[in-house]
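One structure is given here, and the rest of the page talks about it.
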Amino acid sequence: MARPKQLRIVVAAFGDAGHAFPAIALARELHRRGNEVLIETWEEWEAAVKAEGLPFQAAQEYMVFPPPGPDTPQGQTVAHAARALAELMEGFEPDLVVSDILTLAPTLAAEVAGVRHATLIPHVYPVQAPGQPIYSLGFWPARSAVGRRMWSASMPLIDNGLRQGRDEMNVTRARLGLPPVERFHGGISEALALVGTYPQLEYPRKWPVGTHVTGPLFFELAADPVEVPEGPDPLVVVAPSTAQDRECDLVRAALAGLADEPVRVLATINRREPTEPIEVPANAVLTDWLPYSQVMPQADLVISHGGHGTVVRALHSGAPVLCCPAGGDMGENGARVSWSGAGLSLPRRLVSPRGVRLAARRILSDERFRIRAQEIATWSEANDGAQRASQLVEDTARNESSRLSPAR
């Protein structure tokens, strides 16, 4: 049987770790499968990308949230960045461009060059379905027809914002000589959208053609092993967000709340230097950084702000999660965790030593949380997200029918 031809693929990602790391994981797997892959992302990840033996292209950095208007300096930078990528498209001649959901410039550049493109969504699917809660608010699906009608009634309000976003994107498209799009969420490819999360965290819905839940895509930076507290008691890992809580309030609350509990605690400050020192009780170790691949498999509970990368890494290891959302999509991730039965979400107003202690006690004392987390871990072991996503990328790149269709 003839070996499939090598593909040339560009993988482009927003620079936050929660977006860059899944993109690197995808590129690494595509490269392992014999394809020629180039990564375009922020310069801070150049060393990590090159350590994987992958070519690197520094991305032009621009604000993506809140979305800048097309006539603002940041908004005009998107068009400039797309034009700047024209030389890359011409020189590398990719068969397909995979662009992170927050990175519009590579998607537009691919369309200008007539190259097929796919979208990588490294978290739960952010598009509201009829009758379901508005994404990011952190609500469970309605249990009654009345509740579903109430959420459906909110869709026109959401549509107003989506309409504005579509119209602003069409201004940028016009600057690049591209026709306008009529649909909302025009930055998500209709040919292939890769949703890098667990299906157990997705609310039931009718999925668009071309959209696939692959499972998470894992990558982490090399790090030295850390000291894990010894003893027979359950291990609680406190893994706060790398983007939120610079004064380490969650770490302080967890250490104080669990100081007298029959647990071992391993916490990190994520290489930050808080203004005030942190008191570390006798049952805890506080470290500068946590290598998730070392500590998560030993955890009986993971406490975090609810960043998607931390949540799915904990569940991959079979550890239930206590989410303490701080902002962004963390409330949504917390709702999905609690809805799935693999943990709890603690509202921000209750994130205190007492609140963390009571929530941790509940999770550790109810084996249903552990059982559910281990069920997800079993699924994860059998379904490698990077492998599944790579297969879909290759199939799309080789499928002539997935070529760009007229804008709709």
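The values are calculated or read from the model by the stated rules, or taken from the named source; none is laboratory data. Since we're looking at a predicted model, the values are computed, not measured. With ideal geometry, Cβ positions are generated from the backbone for all residues, glycine too; neighbour counts draw on all protein chains shown.
Out of everything in the stretch 256-284 that is surrounded by fewer than 17 Cβ atoms within 10 Å (Cβ to Cβ) and β-branched (Val, Ile, Thr), what residue ends up being farthest from residue 341 (Cα to Cα)? Can you show your working first?
At the first step, the residues of the stretch 256-284 found to be surrounded by fewer than 17 Cβ atoms within 10 Å (Cβ to Cβ) are 260, 262, 271-282.
Among the residues that remain, those that are also β-branched (Val, Ile, Thr) are: 275, 278, 280.
Details: 275: 37, 278: 32, 280: 31 Å.
Filtering the stretch 256-284 for residues that are surrounded by fewer than 17 Cβ atoms within 10 Å (Cβ to Cβ) and β-branched (Val, Ile, Thr), the one farthest from residue 341 (Cα to Cα) comes out as 275.
Counting only residues that are assigned to a loop (DSSP other than H, G, I, E, B) and either surrounded by 18 or more Cβ atoms within 10 Å (Cβ to Cβ) or among the β-branched types (Val, Ile, Thr) (or both), how many does the stretch 340-363 have? It would help to see each step written out before you state the result.
Step one: filter the stretch 340-363 for residues assigned to a loop (DSSP other than H, G, I, E, B), giving 341-342, 346-347, 351-352.
Okay, now just the ones that are also either surrounded by 18 or more Cβ atoms within 10 Å (Cβ to Cβ) or among the β-branched types (Val, Ile, Thr) (or both), so 342, 346, 351.
Number of matching residues: 3.
Return the total of residues in the stretch 390-408 being charged (D, E, K, R) and modelled with pLDDT of 50 or more.
Taking the stretch 390-408 as the starting set, the residues that turn out to be charged (D, E, K, R) are 394-395, 398, 400, 403, 408.
Checking which are modelled with pLDDT of 50 or more leaves us with 394-395, 398, 400.
Looking only at that region, the number is 4.
Look at residue 253 and say whether it is buried (at least 17 other Cβ atoms within 10 Å of the Cβ) and of a type in the set (Gly, Ala, Ser).
On the way: buried (at least 17 other Cβ atoms within 10 Å of the Cβ): yes; of a type in the set (Gly, Ala, Ser): yes.
Answer is yes for this residue.
Out of all the residues in the stretch 285-296, is one or more closer than 14 Å to residue 230 by Cα and free of Cβ contacts under 8 Å to residues at least 60 places away in the same chain? Before you say what the answer is, go through the steps one by one.
Step one: filter the stretch 285-296 for residues closer than 14 Å to residue 230 by Cα, giving 285-286, 295.
With the extra rule that they be free of Cβ contacts under 8 Å to residues at least 60 places away in the same chain, the set shrinks to 285-286.
Checked against the condition, which is being closer than 14 Å to residue 230 by Cα and free of Cβ contacts under 8 Å to residues at least 60 places away in the same chain, the stretch 285-296 yields at least one hit.
Considering only residues that are buried (at least 17 other Cβ atoms within 10 Å of the Cβ) and either closer than 19 Å to residue 206 by Cα or not assigned by TED's automatic domain parsing to the domain that holds residue 103 (or both), which ones fall in the stretch 149-179?
Hit for the stretch 149-179 is 151, nothing else.
In this structure, does residue 220 turn out to be within 27 Å of residue 392 (Cα to Cα), crowded, with 16+ Cβ neighbours inside 10 Å, under 16 Å from the mean Cα position of the chain (by Cα) and in contact (Cβ under 8 Å) with a residue 60 or more places away in the chain?
Details: within 27 Å of residue 392 (Cα to Cα): yes; crowded, with 16+ Cβ neighbours inside 10 Å: yes; under 16 Å from the mean Cα position of the chain (by Cα): yes; in contact (Cβ under 8 Å) with a residue 60 or more places away in the chain: yes.
Against the criterion (within 27 Å of residue 392 (Cα to Cα), crowded, with 16+ Cβ neighbours inside 10 Å, under 16 Å from the mean Cα position of the chain (by Cα) and in contact (Cβ under 8 Å) with a residue 60 or more places away in the chain), residue 220 qualifies.
Would you be able to say whether some residue in the stretch 126-139 is of a type outside the set (Ser, Thr, Tyr) and not in a loop (DSSP other than H, G, I, E, B)?
To start, the set of residues in the stretch 126-139 that are of a type outside the set (Ser, Thr, Tyr) comprises 126-134, 137-139.
Pick out the ones that are also not in a loop (DSSP other than H, G, I, E, B) and you get none.
No, that holds for no residue.
Might you check whether a residue that is closer than 13 Å to residue 248 by Cβ and in contact with a Ser or Thr (Cβ under 7 Å, 6 or more places away or on another chain) occurs anywhere in the stretch 305-316?
Yes, there is a match, as at least one residue in the stretch 305-316 is closer than 13 Å to residue 248 by Cβ and in contact with a Ser or Thr (Cβ under 7 Å, 6 or more places away or on another chain).
For the stretch 337-352, check the following and say yes or no: at least one residue is among the polar types (S, T, N, Q) and closer than 24 Å to residue 222 by Cα. Break it down into steps so the answer makes sense when it comes.
Within the stretch 337-352, the subset among the polar types (S, T, N, Q) is 338, 340, 345, 352.
The next check asks that each one be closer than 24 Å to residue 222 by Cα; those that pass are none.
Among the residues of the stretch 337-352, not one is among the polar types (S, T, N, Q) and closer than 24 Å to residue 222 by Cα, which makes the answer no.
Considering 366, 329, which residue is outside the structural domain of residue 21 (by TED's automatic domain parsing), among the charged types (D, E, K, R) and surrounded by 19 or more Cβ atoms within 10 Å (Cβ to Cβ)? Explain how you work it out, then say what you get.
Working: 366 fails: surrounded by 19 or more Cβ atoms within 10 Å (Cβ to Cβ).
Checking each option against the conditions leaves just 329.
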